[in-house]
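Rule-based calculations on the coordinates, nothing more; no lab input. Being a predicted model, the structure only gives us computed values, none of them experimental. When we count neighbours, we look across all protein chains shown, and the Cβ atoms used for this are built from the backbone with ideal geometry, even at glycine.
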Protein chains: 2
Amino acid sequence: MRVKLTLAYDGTAFAGWQIQARAAGPRPRTVQGCLEAALERICGAPVRAHGAGRTDAGVHAEGQVAHCDVPETRAGLDWVRALNGNLDEDVRVLAAEPVPPDFHARYAALSKTYTYRIWLSRRYVLPTRRHFVWATGPLDQEAMDAAARRLEGEHDFAAFQNTGTEVRSTVRTVARIERFCAAPGVPDGYGPATAELPEPPEGPEALEWCWRFTADGFLKQMVRNLMGCLVEVGRGRLAPDAAAAILARGDRTRAPATAPARGLCLTRVRYPA
Amino acid sequence: MRVKLTLAYDGTAFAGWQIQARAAGPRPRTVQGCLEAALERICGAPVRAHGAGRTDAGVHAEGQVAHCDVPETRAGLDWVRALNGNLDEDVRVLAAEPVPPDFHARYAALSKTYTYRIWLSRRYVLPTRRHFVWATGPLDQEAMDAAARRLEGEHDFAAFQNTGTEVRSTVRTVARIERFCAAPGVPDGYGPATAELPEPPEGPEALEWCWRFTADGFLKQMVRNLMGCLVEVGRGRLAPDAAAAILARGDRTRAPATAPARGLCLTRVRYPA
């Protein structure tokens, strides 16, 4: 009996999604490892969990999807409740549903959405947000918008792929790169801006911004590499048109550096209805 | 030379604001203690920091205010930069400004605003929000609104004061209790709701809500006690009118329990212009 799980995690204390083999020493703590341990406790036998995306160490998720095959004897179980009762608080199951036996979290995915959060002050990061943003300092986000338009669409993203995973093709279709303010005008929370709230210390805009990337698939560390490129544009070190040139060149070694893991969150995976 | 500091902290790993004397064993880690240690490193001599509010262990701040007297020889210093370079990342200085020598962070405050965050699902708490919300489960927030209206205004709040701090009077004026959705319709982030995002699993509303309390001053654990009362109303265990009866009775022992510290954040302190 196959079950589809929707998962959220705070990636700060995880060595990423994927279970890692280690010759010696303790096994790194991974999301897959914790999930499989909880499944084994519930099912009484080892259960493999297959994730839609292998998020890196420090990367968060609010909509990771995994599937697993569980014994028929557990058919009536409330999986959300059972799993959350057996998992640490930094990983939660948001939803669980039975799926046909040919459903595959990774291969059946139509698209994935990642959100990258940046913080526009170098003076400080709000402590409650420090594990979830990249503090870049002030950026020209309009220039970044222009660069983002050049990255959307079907391209060979070889220049934005880090090594370590073999893929048949490095062509992907980035449907959209969207930008929105995480906390409109409100440095003190996530509510609506009102005239009574203080202005953010460094300007009229809020300090936290989300960049949301949707594609049919992503190469290894592709979102972090795209974001690294966009931030270079925002800092004025790269013209918006340079994004197209980097794509065309296809050379990772001549592209901007990878953005930090902590700003990234796997937000959503879509499947055929 | 007196300096006014605006501070933010993640209260999770702090034993509250105030330095605590201990007969034996290591001193608890406090915000005031960390701030004074940083001030001493910068100034070369002990410096006392006076906070506007003595937040409890686990309570957060995004707009705490403190004042301190620093040597004239440090007049030209960039205090935000110097202090943030000497503080752990879970406490940050957002702003610093010179003030007249009679300014006092606590006694000069006209009003304070606290935000209490609740999470309306008992099935899960989003891991990235787990240190910052109280997971109450579903609540009748309209009933809570009605109760909140009865708590606003000038009242004797003795029933909402925990023991431990002596005060001359337990009369305070609660100017406003406001409620707003932290993440309108968006379980996956803090951006605008769009038709493409998934519905929150337990209903059409978003799961995180902010309750914002503004008063001329608060008694010990008063916001947490008010919130504890409001949540009892939201659970249907108390009628909205009962809030007025609890106020009138003035008996803490017969009022609802104190809400958890982690949902609370000192958001803003106001002073005469």
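With Cβ to Cβ distances under 9 Å as the rule, what net charge do the other residues near B:Ile19 carry (K, R +1; D, E -1)? Display every interim value, and only then the final one.
On the way: positive: B:Arg27; negative: B:Glu36.
That works out to 0.
Calculate the dipole size of segment B:2-99 relative to its Cα centre from +1 charges on Lys and Arg beta carbons and -1 charges on Asp and Glu beta carbons; express the result in debye to the nearest 20.
Working: 11 positive and 12 negative charges, 56 e Å.
Around 280 debye, computed over segment B:2-99.
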- Query: When only Cα pairs under 8 Å and 6 or more residues apart are kept, what is the percent relative contact order across chain A?
  - Reply: 24 percent
- Shielding by other protein chains, A:118-127, mean Cβ within 10 Å: 5
- Query: Whole-Hz Karplus ³J(HN,Hα) for segment B:87-100, in order, using 6.51 cos²θ - 1.76 cosθ + 1.60 and θ = phi - 60°, x for Gly and Pro?
  - Reply: 10, 5, 5, 8, 9, 9, 8, 8, 7, 9, 8, x, 10, x
- Give the angle, between 0 and 90 degrees and rounded to the nearest 10, that separates the Cα long axis of helix A:222-234 from the longest principal axis of the Cα atoms of chain A. 10 degrees
- Note on the structure: With B:Gly153 itself left out, Lys, Arg at +1 and Asp, Glu at -1 over residues whose Cβ is under 12 Å from its Cβ give 0
- Once you have a ≥ b ≥ c as the square roots of the Cα gyration tensor eigenvalues for the protein assembly as shown, tell me rounded if a/c is under 1.5, and otherwise prolate or oblate according to whether a/b is larger than b/c. oblate
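Give me the dipole magnitude in Debye, nearest 20, for chain B about the Cα centre, with unit charges on the beta carbon: positive for Lys and Arg, negative for Asp and Glu.
Numbers: 35 positive and 31 negative charges, 159 e Å.
Rounded to the nearest 20 debye, it is 760 debye.
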- Message: Taking R0 as 35 Å, what FRET efficiency do you get between A:Glu166 and B:Arg81 from their Cβ-Cβ distance, rounded to the nearest 0.05?
- Response: 0.15
- Modelled label-to-label distance, B:Leu110 and A:Arg149, 7 Å Cα→beta-carbon offset: nm? 4.6 nm
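Over the protein assembly as shown, what is the percentage of antiparallel beta bridges among all DSSP beta bridges, to the nearest 5?
The antiparallel proportion sits near 90 percent.
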- Item | At most 15 other Cβ within 10 Å, DSSP loop - GluC sites (Glu not before Pro), segment B:38-90 | B:Glu89
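Nearest 5 percent is fine: what portion of the DSSP beta bridges confined to chain B is antiparallel? Can you show the working numbers first?
Values: 43 of 47 bridges.
Restricted to chain B, the bridges split so that about 90 percent are antiparallel.
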- At 7 Å along the Cα-to-beta-carbon direction for both A:Asp69 and B:Asp156, put a label point, then send me their distance in nm to one decimal. 7.1 nm
- Which residue, A:Arg27, A:Arg176, A:Arg41, tops the fluctuation ranking in a GNM of chain A built on C-alpha contacts under 10 Å? A:Arg27
- Note on the structure: Once phi for every residue in segment A:243-250 is put through the Karplus expression 6.51 cos²θ - 1.76 cosθ + 1.60 (θ = phi - 60°), the whole-Hz ³J(HN,Hα) values, with Gly and Pro written as x, are 4, 5, 5, 5, 4, 5, 5, x
- Residues in segment B:214-233 near a label at B:Ala257, defined as backbone nitrogen under 18 Å from the 7 Å Cα→Cβ point? B:221-233
- Item | Under 5 Å, built H, 5+ apart or other chain: amide partners of A:Ile19 | A:Gln32, A:Gly33
- Picking from B:Ala244, B:Tyr116, B:Gln141, whose Cα lies most toward the positive end of the charge dipole for chain B (charges on Cβ: Lys, Arg +1; Asp, Glu -1)? B:Ala244
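For B:Leu247, what charge total do you get from the other residues with a beta carbon under 15 Å from its beta carbon, if Lys and Arg give +1 and Asp and Glu give -1? All intermediate terms of the calculation are to be shown ahead of the outcome.
On the way: positive: B:Arg149, B:Arg150, B:Arg172, B:Arg249, B:Arg252, B:Arg254; negative: B:Glu152, B:Glu154, B:Asp156, B:Glu232, B:Asp241, B:Asp251.
Local charge sum for B:Leu247: 0.
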- Task: Taking each label point as 7 Å beyond Cα in the direction of the beta carbon, state the distances from B:Glu72 to the same residue in the other copies, shortest first, in nm.
- Result: 8.9
- Is the shape of segment B:88-145 rounded, prolate or oblate, going by the alpha carbon gyration tensor and its root eigenvalues a ≥ b ≥ c, with a/c under 1.5 for rounded and a/b larger than b/c for prolate? oblate
- Set of lysines near B:Lys112 by C-alpha distance (under 27 Å), chain-local residues within fewer than 8 positions excluded: B:Lys4, B:Lys220
- Item | the protein assembly as shown - charge dipole about Cα centre, Lys and Arg +1 at Cβ, Asp and Glu -1, debye rounded to 20 | 1100 debye
- Query: What is the distance in Å between the Cα centres of segment A:103-136 and segment A:23-100?
  - Reply: 21 Å
